[in-house]
Amino acid sequence: MRLLLAGAVVAAIAWPVGAAADCGEALPAASRVRIAHGATTLVFAPRPAPLAIGRHFALDVVVCAAAGGSPRTLARVDADMPAHRHGMNYRPTIRALGGEHYAVDGLMFHMPGRWRFMFDLGSGADLVRLMHEVDVE
Amino acid sequence: MSLSARWRRIGAAVLCAVIGAVAAPSVAADAALLDFTPDEVRRILQHGPWPPPSAHDAGNARAADPQAIDLGRRLFFDRRLSVDGTMSCASCHAPAQAFADGRARSLGRVALDRNAPSLWNAVHERWYGWDGAADSIWSQSIRPLLDAREMAGSAAHVATAVAGDRELACRYTRAFGRDPATNDPERTLVDAAKAIGAFVGTLVSGRTPFDAFRDALASGDRQAAARYPLDAQRGLRLFVGRGRCTTCHVGPMFTHGEFGDIGLPFFVRPGEVDPGRHGGILALRASAFNLLSRHSDAAGGDATLKTRHIEPQHRNFGEFKVPSLRNVAETAPYMHDGQLATLDAVLGHYVDLNLDRLHADGEQILQPLRIDAGERADMVAFLKTLSDRQARGWQAPAETPCRIEATSGAQGQKGAASSLVRR
């Protein structure tokens, strides 16, 4: 699976970003995950939570920019199992809900183990990919 | 040694034997239970509880209707649904064969390409057919009804069969509130399939020796757990541990319900490849009876998520459905074309796995199974404990003649169709 496009930057898991500290605060605290890279912060929460094997789920996603900036558009969401080198059997779809908010439908993790979320923000030379790994049993 | 010392030694030995005999039951029970680690116990518990919460055939508004189930049971065994009256659903899904047929490849009007899967617990599956070309039991039921290689019927033929038999027509009217004689034939075909889907949805197998063991572990009842055979315990330990079988054979159904490539040959005959899951997705999307079709009662929502979001991928070539392992010992031979005759042969396939034969794009899920002959026997012993003793013993309930009575009183008699009373 191709992971990087020209100009894309990969970010690892989460550390707090002061400028967008309140990003995604409305998402359920117990299940939300915050990912940041530079001026971009993405917060997501699965629905339903917690994640379970063999059950379709959605993601509620909020994408924030540092103060004064415009958040990148959520362009694509996918997931794979790096150890197994395969992805999901389903293609998720993104619904823009206005402003910074998105709903991503149709995901399923069909195997237990470590899955990796991939969120592509922006496009072309401005593309940024944020990733987050999660163990699901 | 003096005589008194000898008698003291004998007495002590007898005393120890008595103490040992009294203590023996708990000691023996604990000794008959492997020392499963907390992680092993956690993985074992994930294979239950059984039975799972009830489920119903997707997109089928009649799935829980006793009238539809009753009709569906009759239709399932009725050979008149086939063009020449020689085949019924039960021809390939025979109760005495655990709702399979015991053949490597099934026999329709001609020799078919695939093994008939058992229908036990079908309602808990996500996709139907080895290629997952159907997303509901009722839509899967339509395929063999119409396939020229199988029952070779048509909507008109099925409609005539239902309308032309008093009991079937009565049961149809009782279930669907319509007269099959005046129905659009395709409507009757779909209704008949939904009735069959409702019946098949009731086929949920019972508890097994594994389930008793699993629940005993969950409740901490070591004595009960120790009744589970030791060889099965050892096999189970391999299954959830070193064998990594739970990567695909996960959960109470012992399957993740999706598809996998395990390096099996997928030629149907020289020069012809079984496209497996890839072909199944294409067939699903083209089907006039999928959950997104006008015949579906799903009307959007969670039931249609799988069909809306499924996407064919190159790696789907060579993938076939990961079957449930419940009752697996009752449904030989194995794999999509029955090419493996025994459970031992299945394990042998994984032992001798040729990674170069894996078709998928660089997937790294499987590794050859490193087990010796004794461990192989233990795994077979474990798999045998996944059988419901009644898996081959399903019996149809007694039936009474169908009656339809008109309503009377406050509602009056508004006409035959609207005055039907379901019994």
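Going by neighbour counts of Cβ atoms within 10 Å, the residues B:Val273, A:Val128 line up, fewest first, as B:Val273, A:Val128. Work out the length of the dipole vector of the stretch B:187-269 about its Cα centre, built from +1 on the beta-carbon of each Lys and Arg and -1 on the beta-carbon of each Asp and Glu, and round it to the nearest 20 debye. Once rounded to the nearest 20, the dipole reads 160 debye. Inter-label distance, B:Arg79 to B:Leu45: 5.2 nm, where each label sits 7 Å from its Cα along the C-beta direction. Partner shielding of B:312-323 amounts to 1, given as the average count of beta-carbon atoms from other chains within 10 Å of each residue beta-carbon. Relative contact order, whole percent, for the stretch B:268-338 stands at 36, derived from Cα pairs under 8 Å and 6 or more residues apart. In chain B, a dipole from Cβ-located charges (positive for Lys and Arg, negative for Asp and Glu) runs towards its positive end, and of B:Leu340, B:Ile142, B:Gln97 it is B:Gln97 whose Cα lies farthest in that direction.
What spacing in nm lies between the two simple spin-label points modelled at A:Arg116 and B:Arg269, each 7 Å away from Cα in the Cβ direction? For A:Arg116 paired with B:Arg269, the spin-label model returns 4.5 nm.
Which of the peptides B:38-44, B:114-120 is most tightly packed, and how do the rest follow, judged by the mean count of other Cβ atoms within 10 Å per residue?
The packing order, highest mean first, is B:114-120, B:38-44.
Rounded to the nearest 20, the Cβ-based charge dipole of the stretch A:10-136 about its Cα centre (Lys and Arg +1, Asp and Glu -1) stands at 280 debye. Ranking B:Thr247, B:Ala226, B:Val204 by Cα position along the charge dipole of the stretch B:168-256, where only Lys, Arg, Asp and Glu carry charges on their C-beta atoms, puts B:Ala226 farthest toward the positive end. The calculated FRET efficiency for the pair B:Gln390 and A:Ser70, based on their C-beta separation and a Förster distance of 45 Å, comes to about 0.10.
Hey, fewest Cβ within 10 Å first, where do B:Ile365, B:Ile142 land in order?
Values: B:Ile365 19, B:Ile142 25.
With the fewest neighbours first, B:Ile365, B:Ile142 line up as B:Ile365, B:Ile142.
Quick one: angle between helix B:185-200 and the longest Cα principal axis of chain B, in degrees between 0 and 90, rounded to 10, please. The two axes meet at around 20 degrees.
Taking Cα atoms only, the orientation of helix B:209-219 departs from the longest principal axis of chain B by about 70 degrees. Return the FRET efficiency for the residue pair A:Asp135, B:Ala218: r is the Cβ-Cβ distance, R0 is 25 Å, and the value is rounded to the nearest 0.05. Here the calculated transfer efficiency is 0.65. The fraction of all Cα pairs in the stretch B:271-404 landing in successive 10 Å bins from 0 to the largest distance is 9, 25, 27, 26, 10, 3, 0, given as whole percents. The Rg/Rh ratio for the stretch A:10-136 is 0.94, where Rg is the radius of gyration of the alpha carbons and Rh is the Kirkwood radius.
Considering only alpha-carbon pairs that sit under 8 angstrom and 6 or more positions apart, the relative contact order computed for chain B is 22 percent.
In chain B, the longest principal axis of the Cα atoms and the axis of helix B:3-31 are about 20 degrees apart.
Classify the stretch B:55-135 as rounded, prolate or oblate from the Cα gyration tensor: take a ≥ b ≥ c as the square roots of its eigenvalues, call it rounded if a/c is under 1.5, otherwise prolate when a/b beats b/c and oblate if not.
Judged from the Cα gyration tensor, the stretch B:55-135 comes out oblate (a/c at least 1.5, b/c at or above a/b).
Projecting the Cα atoms of B:Ala156, A:Phe119, B:Thr331 onto the dipole axis of the protein assembly as shown, where Lys and Arg carry +1 and Asp and Glu carry -1 at the beta carbon, places B:Thr331 farthest toward the positive end.
Rule-based calculations on the coordinates, nothing more; no lab input. Predicted, not measured: the structure shown is a model, and the values here were computed from it. Positions of Cβ are generated from backbone atoms using ideal geometry, with glycine treated the same way; all protein chains shown enter the neighbour counts.
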